[in-house]
1. Evaluate the following for B:Ala101: is it assigned to a helix (DSSP H, G or I), among the small types (Gly, Ala, Ser), more than 7 Å from every other protein chain (Cβ to nearest Cβ) and crowded, with 17+ Cβ neighbours inside 10 Å?
2. Search segment B:184-201 for residues being modelled with pLDDT of 95 or more and touching an Asp or Glu at 6+ places or on another chain (Cβ under 9 Å), and hand back the single one that is surrounded by the most Cβ atoms within 10 Å (Cβ to Cβ).
3. Within the set of pairs 6+ apart or on separate chains, which have a first residue in segment A:54-74 that is within 17 Å of A:Ala43 (Cα to Cα), a second that is assigned to a loop (DSSP other than H, G, I, E, B) and charged (D, E, K, R), and C-beta atoms under 9 Å apart?
4. For segment A:197-216, check the following and say yes or no: at least one residue is modelled with pLDDT of 95 or more, surrounded by fewer than 23 Cβ atoms within 10 Å (Cβ to Cβ) and more than 14 Å from chain B (Cβ to nearest Cβ).
5. Consider segment A:110-131. How many of its residues are surrounded by fewer than 14 Cβ atoms within 10 Å (Cβ to Cβ) and either in a helix (DSSP H, G or I) or of a type in the set (Ser, Thr, Tyr) (or both)?
6. Answer with yes or no whether B:Arg117 is within 29 Å of B:His205 (Cα to Cα) and out of contact with any Asp or Glu (no Cβ under 7 Å at 6 or more places or on another chain).
7. Regarding segment B:72-94, can at least one residue be identified that is farther than 22 Å from B:Lys168 by Cα and either more than 8 Å from chain A (Cβ to nearest Cβ) or not in a loop (DSSP other than H, G, I, E, B) (or both)?
8. Mind telling me which of the residues B:Ala243, B:Ala231 ends up being small (Gly, Ala, Ser) and at pLDDT 85 or above?
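The values are calculated or read from the model by the stated rules, or taken from the named source; none is laboratory data. On a predicted model such as this, the values are computed, not experimentally measured, just so you know. Ideal geometry is used to build each Cβ from the backbone, glycine not excepted, and the neighbour counts take in all protein chains shown.
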Amino acid sequence: MMVTRESLLNWAMIAALLLVPLAAWSLDEPFIITLATKAAILALAGVGLNIALGLGGLISLGHAAFFGIGGYAMGILAAHAQNYEPLFEWPFLFEGSNQMPLIWLVAVVFSALAALVIGALSLRTSGVYFIMITLAFGQMLYYFAISWSAYGGEDGLSIWVRNDFPGLNTLDPIQFFAIAYVILCGALFFAARLARSPFGLALAAARQNEDRVEAVGLTPFTLRLTAFVISGAITGLAGALFADLNRFVSPTMLSWHTSGEIMIFVILGGVGRLYGPVAGAALYILLEHLLGGISDYWQIFLGVLLLLIVLFARGGLIGAIAGREKAHG
Amino acid sequence: MADLVLKTENLCKSFGALKASCDVSLDLRAGEIHALIGPNGAGKSTLIKQIAGNFAPDSGTVELLGRDVTALDTVARARMGLGRTFQISALAMDYSVLQNAVLGALGGQGRVFRFFRNVMEDPALLEAARDALERVGLTQDANRRTADLSHGQRRQLEVAVALTLKPKLFLMDEPMAGLGADGSHRLTGFLDGLREQAPILLVEHDMDAVFALADRISVLVYGQIIATGTAAEIRANAEVRRAYLGEEDAA
């Protein structure tokens, strides 16, 4: 395989995301480790969105729904476990769980199901209608969570102790970072395989020319729905991790601001670029940390940067550094 | 009936007061090229879209390989073996030429829900794709970006993608459009041989190509077929001359 400037850049980014927290660990700077963990988790949410947005061309403003469902999967399971209140007693007694693998599974399954329903309805439209319908579904869940007093309503749900992962101490920042980082790498690996797979070829072709895909006997709707479900599941997993990082979940995770932020990671880094969300999320966290110290209104600068990127560097940061994506022979 | 690959019966389609198709009955037999000609606005594209499945007719039926497909969509008809080329090239422009051909082969094979295998390393798909590119003369351009191809090369790629499907019939909407005399001549020669593999319903404005290729010609005017016959019959038909070819031309 040819080594391109983009793949070098990708390796550099993923290495930096590992080395910075390792350095912070040796210097005993847990806050920086937490920032890196947050970047890795938000990047994971972006990797999910990028499958729908970058590969499938589906402009979803409702991915906060999946992020939030993942978050509430964590919150609800863990709250029941910590309060010793069974979640349900029939058909078997289930007392919630503080085991990450089970929480992740529940997060993935429920966000995938939500994506299946939301996708099946919204993918019948396209363009600006698709954007509005995904937005509407996201906001529906947001207001539902606000009024769901059993799980904290507007105040959200707090968890006293971070959930467990077999063999690790998840309260140690570097160990929790390791979990997030490994999952991010796994998702990147999966997304890379997906983009080059038969499914990826057909999905990206449906983005470029729907008539062509139909004429070769493939159904764009089914391809897009599948992509939307995979995309939602990954973003949902990120949501479970994000809630675990904060030991807190609230309706904010479901709000359309969150959808916008996840989309900003993707656009900052470069739409359709595999590692775009990593670059975007890392930059976002960096700006939030550096500029947020200077001014509460740091997002003005983010807005300017986003404007510049959209106007002058359509390929985002990665496009600006590594050049236009080449067609793979 | 087995030798009738495509049959439309009394197709009607109106847009408001405009009758785009009116009682259109035509058929395509195994081994033939059946050309559909007609002046601009005669309803050729509307007819093609009803045959391909983009439009549902107001009344009438479309039969493919002896089966009524009027209620089926474009995808189902493509899967049954309808290989289509578009009037305006419909290709994935960001893809390489080879990727477009592999996409066709993938559609023909139908096993698209595979998420891990590298599609551009699948020997069966690559072989089908390379074979089709070679037949239309695009082997040299396999790794070029489709958006960078000339207009004529895109037309060739359209045909190549249709070939990868190994269709039972071709539906070609003005494949010669925009080709120079040279390209048009070469494509004519190619289509001539292609009818052995599968019959072609050919919509074309290039009369030299139509008269050189077609076993039968149907003439569509104001949504109605006014004549069907061999090239000689069509040339001799007074109504066709009046409506379409122009008196002085046919004299």
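1. Yes, satisfied.
2. B:Ile200
3. A:Gly54/A:Arg273
4. Taking every residue of segment A:197-216 in turn, none turns out to be modelled with pLDDT of 95 or more, surrounded by fewer than 23 Cβ atoms within 10 Å (Cβ to Cβ) and more than 14 Å from chain B (Cβ to nearest Cβ).
5. Of all residues in segment A:110-131, those surrounded by fewer than 14 Cβ atoms within 10 Å (Cβ to Cβ) come to A:117, A:120-121, A:124-125, A:127-129.
If we keep only those that are either in a helix (DSSP H, G or I) or of a type in the set (Ser, Thr, Tyr) (or both) too, we end up with A:117, A:120-121, A:125, A:127-129.
The number of residues fulfilling the criteria is 7.
6. Criteria not met by B:Arg117.
7. The answer is yes, given that some residue of segment B:72-94 is farther than 22 Å from B:Lys168 by Cα and either more than 8 Å from chain A (Cβ to nearest Cβ) or not in a loop (DSSP other than H, G, I, E, B) (or both).
8. B:Ala231
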